[in-house]
Every structure is written in C-alpha cells, then in structure tokens.
Ligand code: UTP
C-alpha cells in the first residue's frame with residue numbers, strides 16, 4: 001500500500017536578517033502575530049490536516065522554539081490553581097503532538113535544512129511548511145495538496161500568482177500542461193529571475209508535499225557560490241525522473257518573513273479575532289481619519 005503523508009518538517013534555522021536586531025538572539029519564528037508565535041500557525045495548519053509528527057530544523061539561538069512546544073508544568077499548575085481554565089486549555093492544546101528537533105549546524109540554505117530531515121522522514125512522503133508564509137487559517141491549502149498527492153503520488157508544491165515586479169524574490173515555474181484547474185505539471189523552475197527572463201508569474205510559496213526522492217537530488221546538487229544548497233535546485237534535479245506538480249493557491253497568504261508582510265498579517269489576523277476586531281477596527285478608523 002502507498003504511504004500516507006503523516007510528517008511535517010518546519011525549517012526554522014535561517015538567520016532572519018530582515019528582522020534584525022529582533023532576531024539577533026531570538027528566533028524569527030517566535031515573533032508573535034497577535035497572540036501566537038508565527039510558527040504555531042504552521043503547526044496548527046498541519047495538525048488540521050491530520051499531521052501529528054513534527055520535525056523542526058533549528059539552529060543557534062532557536063531554543064525558545066523547543067520550550068514553546070514543550071509542556072510547561074509550573075505555568076499549567078499555576079493556571080489550574082487559579083481556575084484559569086480557558087488559558088490552561090489553550091496552553092495545553094498542542095501537548096498531544098509529537099515534536100522532534102534536528103539542528104542544522106550552519107544555515108546552508110533551505111535545501112540543506114531539508115536534507116537534515118532525512119533520518120526522521122526515512123522512506124515516507126512528507127509536508128514542508130515555511131512558517132514565515134502564514135496561510136489564512138480559513139484556507140485549506142495543505143489539505144488540498146495532500147489530497148492531490150494521494151491521487152498522483154508525486155511531489156506537489158504550492159504556487160501563487162505574484163505581480164511581475166516581485167518575481168525576482170521567488171522561485172518561478174515554467175508551466176507545463178494544466179492537468180486540471182489550477183494544477184500544473186511543471187516544466188522548469190528558475191530561482192529569483194529578472195522579470196524579463198521569468199517564464200511566468202507563478203511563484204513557489206512555502207508549502208510542499210515531497211517524497212524521499214528529494215534527498216538524493218539535494219545530495220547531488222552543488223552548493224551555490226554562497227555555499228548554500230537551494231531547494232529549487234533539488235526540485236529541478238528530481239524533475240528529470242518523476243513528475244513535479246504545482247497547485248495554484250488563490251487564497252490569502254501573508255509573507256510574514258518580511259517587515260511589511262508581518263505587519264499586514266498582524267493587522268488582518270487581529271481584525272479576524274473575535275475579541276479584538278471591533279475595538280481594533282475602531283482604532284484603525286481613527287488613525288485613518290486622523291482623529
Ligand atoms: P528565508 O529565505 O526566509 O531566510 O528562509 P531567513 O534566514 O529565515 O530570513 P532572512 O532572509 O535572513 O530575513 C526560508 C525558510 O527556510 C529556513 C528559514 O528558517 C525559513 O523558515 N532556512 C533557511 C533554514 O532552515 N535553513 C537555512 O539555512 C536557510
């Protein structure tokens with residue numbers, strides 16, 4: 001029987017230089033968006049799709065991630081004694097999940113970070129979630145990608161149509177056949193092209209369903225001039241052997257790895273929060289009106 005996607009990999013070993021000095025000694029992934037660290041949005045998203053085994057790729061100064069997903073005995077006892085049941089439930093909500101950690105000794109690129117997951121993944125398909133891409137919790141992007149994988153049994157990566165002026169910030173695909181609405185068999189990939197060389201405006205965003213084929217491919221990829229191994233190069237390498245599919249996401253994604261995107265995520269998710277939405281909207285209105 002074919003294997004199901006059960007594991008999620010969350011690479012979190014990057015330096016987060018766009019948020020310096022905040023990320024000098026604390027992880028970018030722990031920056032709170034409203035009341036949750038951004039990496040918790042990704043864990044909850046994967047868990048909504050039934051995934052219960054999580055591997056974080058961490059590095060120096062990332063220990064706060066481990067503490068966050070551990071049980072907090074003293075805090076829990078304190079909340080219990082004070083009868084703060086709702087808060088207790090909130091901090092215990094993810095305690096039943098399995099979390100594992102592997103350290104990437106040097107931040108040698110996303111491809112290298114994924115290669116570090118090999119001993120955990122073994123021979124199963126797996127999901128990769130980049131936590132600085134926050135997908136609106138009302139959208140079921142990952143769930144749809146998993147069901148595409150279940151039908152096609154080949155890697156599936158998430159795509160988003162981006163403005164032409166932004167293509168240089170992303171891996172961009174060359175579309176092959178559109179096998180069904182919004183699902184492409186990918187012909188080629190180009191990392192961060194100039195807009196005049198971009199084969200399309202379909203950018204790779206931070207959700208992937210991969211198969212263990214990616215590991216040998218990443219191993220065979222040469223590191224670039226900065227010593228990094230890019231995931232895009234690994235994906236290009238497997239495309240010669242197995243089909244690679246791209247699923248076009250039309251929902252809401254926040255690029256919270258960037259200051260402006262982070263602010264947008266904070267504002268929009270706060271506006272969706274049942275307790276904050278009314279007073280916060282009132283405050284934003286007063287700013288806009290200049291009162
Ligand atoms: P980014 O490209 O956003 O890099 O990585 P970064 O270091 O996090 O942030 P900036 O660009 O310096 O501001 C995309 C994802 O890949 C992970 C990051 O943690 C992030 O989730 N990553 C990147 C690694 O785990 N290891 C690496 O060597 C590089």
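Below, the figures for the structure above:
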quantity	calculated
Residue pairs meeting the criteria (Cβ under 8 Å; at least 6 apart or on separate chains; first closer than 17 Å to residue 15 by Cα, in segment 109-121; second within 10 Å of the ligand (Cβ to nearest atom) and part of a helix (DSSP H, G or I))	109/231; 110/231; 111/231; 114/231
Count of residues meeting criterion [in contact with a helix residue (DSSP H, G or I) (Cβ under 7 Å, 6 or more places away or on another chain) and either part of a loop (DSSP other than H, G, I, E, B) or in contact (Cβ under 8 Å) with a residue 24 or more places away in the chain (or both)] in segment 205-218	7
Any hit, segment 105-113, residues being more than 20 Å from residue 235 (Cα to Cα) and within 15 Å of the ligand (Cβ to nearest atom)	yes
Cross-chain or 6+ apart pairs with Cβ under 7 Å, segment 95-106 first and surrounded by 13 or more Cβ atoms within 10 Å (Cβ to Cβ), then at pLDDT 95 or above and part of a loop (DSSP other than H, G, I, E, B)	102/116; 102/117; 104/13; 104/116
Residue list for segment 1-15, filter: part of a loop (DSSP other than H, G, I, E, B), buried (at least 20 other Cβ atoms within 10 Å of the Cβ) and within 12 Å of the ligand (Cβ to nearest atom)	12, 13, 14
Test: residue in segment 42-52 that is within 16 Å of the ligand (Cβ to nearest atom), assigned to a loop (DSSP other than H, G, I, E, B), surrounded by fewer than 22 Cβ atoms within 10 Å (Cβ to Cβ) and within 17 Å of the chain's Cα centre (by Cα)	no
Subset tally (residues that are in a helix (DSSP H, G or I) and either within 16 Å of the ligand (Cβ to nearest atom) or within 20 Å of the chain's Cα centre (by Cα) (or both)) for segment 237-269	11
Members of segment 270-291 that are assigned to a loop (DSSP other than H, G, I, E, B) and touching a residue at least 24 places away in the same chain (Cβ under 8 Å)	273, 276
Residues (loosely packed, with under 10 Cβ neighbours inside 10 Å and in a loop (DSSP other than H, G, I, E, B)) located in segment 68-89	83
Top-ranked residue of segment 143-157 - restricted to ones that are surrounded by fewer than 23 Cβ atoms within 10 Å (Cβ to Cβ) and under 17 Å from the mean Cα position of the chain (by Cα), ranked as farthest from residue 240 (Cα to Cα)	143
Flag if residue 65 is over 30 Å from residue 154 (Cβ atoms), modelled with pLDDT of 95 or more and either within 16 Å of the ligand (Cβ to nearest atom) or outside any loop (DSSP other than H, G, I, E, B) (or both)	yes
Residue count, segment 16-30 (criterion: farther than 18 Å from residue 57 by Cβ and either within 13 Å of the ligand (Cβ to nearest atom) or in a helix (DSSP H, G or I) (or both))	6
Among (1) on the phi < 0 side of the Ramachandran plot; (2) more than 9 Å from the ligand (Cβ to nearest atom); (3) surrounded by 15 or more Cβ atoms within 10 Å (Cβ to Cβ), the one test that residue 34 misses	(1)
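The values are calculated or read from the model by the stated rules, or taken from the named source; none is laboratory data. Just so it is clear, the model here is predicted, and its values are computed rather than measured. In this analysis, Cβ positions are derived from the backbone assuming ideal geometry, glycine residues included, and neighbour counts consider all displayed protein chains.
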